1. With farther than 22 Å from SER250 by Cβ and modelled with pLDDT under 95 as the only criterion, which of ALA119, ALA93, ALA167 stands out?
2. Among (1) exposed (fewer than 15 other Cβ atoms within 10 Å of the Cβ); (2) charged (D, E, K, R); (3) in a strand (DSSP E or B), which single condition is GLU251 missing?
3. Just give me the residues in region 251-283 being among the polar types (S, T, N, Q) and within 30 Å of GLY102 (Cβ to Cβ), in sequence order.
4. Among the listed residues THR195, THR218, identify the single one that is under 22 Å from LYS275 (Cα atoms), surrounded by fewer than 22 Cβ atoms within 10 Å (Cβ to Cβ) and in contact with an Asp or Glu (Cβ under 8 Å, 6 or more places away or on another chain).
5. Which condition from (1) of a type in the set (A, V, I, L, M); (2) open to solvent by 10 Å² or more (accessible area, probe 1.4 Å); (3) farther than 30 Å from ALA191 by Cβ; (4) not in a loop (DSSP other than H, G, I, E, B) is the one that VAL166 breaks?
6. Anything in region 234-248 that is open to solvent by 40 Å² or more (accessible area, probe 1.4 Å) and free of Cβ contacts under 8 Å to residues at least 60 places away in the same chain? List them, or say none.
7. Check every one of the strands (runs of 3 or more DSSP E) wholly within region 96-148 and list those with 2 or more residues that are open to solvent by less than 10 Å² (accessible area, probe 1.4 Å), more than 16 Å from GLY51 (Cβ to Cβ) and of a type in the set (S, T, N, Q).
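The values are calculated or read from the model by the stated rules, or taken from the named source; none is laboratory data. Keep in mind the model is a prediction, meaning the values are calculated, not measured. Glycine gets a Cβ as well: all are built from the backbone with ideal geometry, and neighbour counts include every protein chain shown. Surface areas here come from the heavy atoms of the whole protein model, side chains and all, with no ligands, DNA or RNA. Shrake-Rupley method; radii C 1.70, N 1.55, O 1.52, S 1.80 Å.
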Amino acid sequence: MPSVTVVGVILGSMAAATLSAGAQTATPAHRLARTVAGAPVAKALVITVTGKDFKFDAPDEIPAGLTEFRFLNKGPSIHHMQILKITNGKTFAQLRTALDKGGRPPRWMHEAGGPNAAAPGTESNATLMLEPGNYAIICFVDIGGAPHFTKGMIRPLRVTAATGAVAPDPKPDVTATLFDYNFKLSSPILAGARTIRVQNIAKQPHEVQLVQLAPGKTAHDFLAWAGGGMKGPPPAKPIGGIAGIEPGMSESFTANFTPGNYAFICFISDAKDGKPHFMHGMTKDFSVK
């Protein structure tokens with residue numbers, strides 16, 4: 001589970017970013033119908049979820065299968081849409097109780113990804129394979145001393161058995177592999193609408209928080225700014241990515257990259273020492289040409 005305090009302080013501060021909206025989420029190419037030998041190929045189910053201060057507007061139930069979540073942040077605060085899978089016969093009410101108690105997350109709660117943080121007035125997306133079962137969508141961002149889920153930004157999601165053909169995964173332009181504690185890109189990210197496949201081959205959960213950096217700034221500049229009292233304009237702003245996924249999982253997101261500087265950051269707390277993974281070096285600066 002993300003470190004609520006760290007995510008809240010750092011991502012919350014970025015709501016005041018004054019950077020131009022150079023990288024926005026884009027319409028993934030896999031939404032378009034494709035044909036093979038004249039027969040239509042199944043497409044991912046597209047689900048739109050709206051985040052506000054402080055609630056989610058989302059369906060109560062959807063079918064299993066390849067699903068693209070479009071997360072629209074219509075609140076004045078930064079939000080993300082972490083998906084949690086509830087296992088071992090536990091209920092949403094039991095999840096709420098466990099979260100209210102704090103401490104280490106229960107073993108029956110599993111991070112299943114979803115669209116990562118987007119600045120107010122923008123959107124992010126994630127495409128993932130959902131199995132039947134009980135889930136929750138939640139915002140862990142903490143602004144003002146209380147994580148957003150404590151203010152109502154959490155709701156159950158029931159995934160029922162799939163019907164019809166299974167859609168194929170979207171074809172990625174680049175693969176981002178997550179290690180303990182690093183990111184590796186299969187190739188440089190070029191300007192334009194790009195689909196990034198995120199795969200976690202590490203031993204613990206990780207995320208990809210994509211940020212757009214101000215000219216001449218780095219991820220370390222941004223983290224130093226956040227840890228130094230957040231004086232002056234933020235050196236970066238959040239533009240999506242993939243929320244926490246567990247080892248062996250993979251998901252995709254699409255963004256429209258304009259030329260400039262970007263970074264991947266993992267804010268999730270370490271399983272051993274509780275420190276956010278960026279303190280273990282899990283950041284990656286890169287340029288788009």
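1. ALA119
2. GLU251 satisfies every listed condition except (1).
3. Once the filter is applied, which keeps residues that are among the polar types (S, T, N, Q) and within 30 Å of GLY102 (Cβ to Cβ), region 251-283 yields SER269, THR283.
4. Among THR195, THR218, only THR218 is under 22 Å from LYS275 (Cα atoms), surrounded by fewer than 22 Cβ atoms within 10 Å (Cβ to Cβ) and in contact with an Asp or Glu (Cβ under 8 Å, 6 or more places away or on another chain).
5. That leaves (4) as the condition not met.
6. PRO247, GLY248, listed by residue number.
7. Result: empty, no element qualifies.
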